[in-house]
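Beneath this line is the structure, given in structure tokens, with notes to follow.
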Amino acid sequence: MSLELDPDGTVIADGQVVDYATAYRWCLDSPETITGLVRNTKAFATVIAAAEHQGAEEQAAAVPQAFTAGEPRYPGTTWSA
């Protein structure tokens, strides 16, 4: 699965934008997806969980933060801070 963070901070996995709801759903229903994308799933889930009761802006910001904290898995991944 390919993963990219564009300069605007949008996370794209396999050509699809990853929003907070998707990242949260992966934490609950599909942890194997997170494992396929990042090395540290606990760090990823911790950032997503911390934003659960925040506003929409904070949740949107949590998505790239979660992927950064989780350390993208594939060497070919495009990732700019």
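The values are calculated or read from the model by the stated rules, or taken from the named source; none is laboratory data. The shown structure was predicted, so the numbers you read here are calculated from the model rather than taken from an experiment. For neighbour counting, all protein chains shown are included, and Cβ atoms are generated from backbone atoms with ideal geometry for every residue, glycine included. With ligands, DNA and RNA removed, areas are computed over all heavy atoms of the protein, side chains included. Shrake-Rupley method; radii C 1.70, N 1.55, O 1.52, S 1.80 Å.
Brief remarks follow.
- Output for region 5-25, where each listed residue is open to solvent by 30 Å² or more (accessible area, probe 1.4 Å), assigned to a strand (DSSP E or B) and closer than 15 Å to Ala61 by Cβ: Val17
- Of the listed requirements (1) buried (at least 16 other Cβ atoms within 10 Å of the Cβ); (2) out of contact with any helix residue (DSSP H, G or I) (no Cβ under 6 Å at 6 or more places or on another chain); (3) among the aliphatic types (A, V, I, L, M), Leu28 misses just one: (1).
- Scanning region 31-46 for residues that are of a type in the set (A, V, I, L, M), in a helix (DSSP H, G or I) and crowded, with 20+ Cβ neighbours inside 10 Å yields a total of 3.
- Neighbours by Cβ (under 8 Å, 6+ apart or cross-chain): first from region 1-24, more than 12 Å from Ala66 (Cβ to Cβ); second of a type in the set (Lys, Arg) and modelled with pLDDT of 90 or more: none
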